[in-house]
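Following: one structure in structure tokens, then a few remarks.
The values are calculated or read from the model by the stated rules, or taken from the named source; none is laboratory data. Just so you know, these numbers come straight off a predicted model, no measurement behind them. Here the Cβ positions follow ideal geometry from the backbone for every residue, glycine too, while neighbour counts run over all protein chains shown. Please note that ligands, DNA and RNA were not included when accessible areas were found on the heavy atoms of the full protein model with its side chains. Shrake-Rupley method; radii C 1.70, N 1.55, O 1.52, S 1.80 Å.
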Amino acid sequence: VRVIAESEIIQDFLTESEEDITSSPLVELKVMVMNEQIVSIKTKRNATATEVYKLVVQKIGLLPENWEFFALFEIVEHNFERKVQPADFPHSLYIANYSTAAATCLAVRKWLFHPRVEAELEADSTALAMLFHQAVEEVGRGQVQTKDRLHQLKSLQEAGKMSGYLAAVREMDGYGGVGEQIFFILMNN
């Protein structure tokens, strides 16, 4: 049995020189946005995280004035994500994780820690949907202490009342928690 990673073609691909990479054709990257929706973009192999992020948010229609409140993340494990630094190369991360079972190792997530500012983003329908889907995911993972209000959240979610859901979840312990975010910041510096 021959392992794909040991094939000559894959080894050549993984050991390309910087000169080969800069002159090579575009590559396709898949990035998760909301509700595990995958967006595909074509970019240079050596595109930075800033360049990739800009292509993704333009494609999904996030208003430019709200770009600073979201960021590109690498999904390291199911419950752990690392904020990709602006000068990182997402294609390299993508290749390093090619053997995982997931559709992608890249995601756009919120990078915002102030509930009032978050509420102001709701005028942007794309930002609203992204915040909503991330909040639903955090509740589902148990990161938010819903106590006796889980039924209320489920009702709002099923009714598609994104603003109401977000207003309710912002009042709960664990939502947008600074403790977890400090860990992410420390991991990225």
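Heavy-atom accessible area for residue 92, with the other protein chains in place and a 1.4 Å probe, reaches approximately 70 Å².
Residue order by solvent-accessible surface for 148, 173 is 148, 173, largest first, with ligands and nucleic acids left out and a 1.4 Å probe.
Would you please classify the overall shape of region 92-151 from the alpha carbon gyration tensor, given that a ≥ b ≥ c denote the square roots of the eigenvalues, rounded means a/c under 1.5, and beyond that prolate means a/b larger than b/c while oblate covers the rest?
oblate
In a DSSP loop and with at most 12 other Cβ atoms within 10 Å, the chymotrypsin sites (Phe, Trp or Tyr not before Pro) in region 60-164 are 98. Our coupling estimate for region 43-48, obtained by passing each phi through the Karplus curve with A = 6.51, B = -1.76, C = 1.60 and θ = phi - 60°, is 8, 6, 4, 9, 5, 7 Hz, Gly and Pro reported as x.
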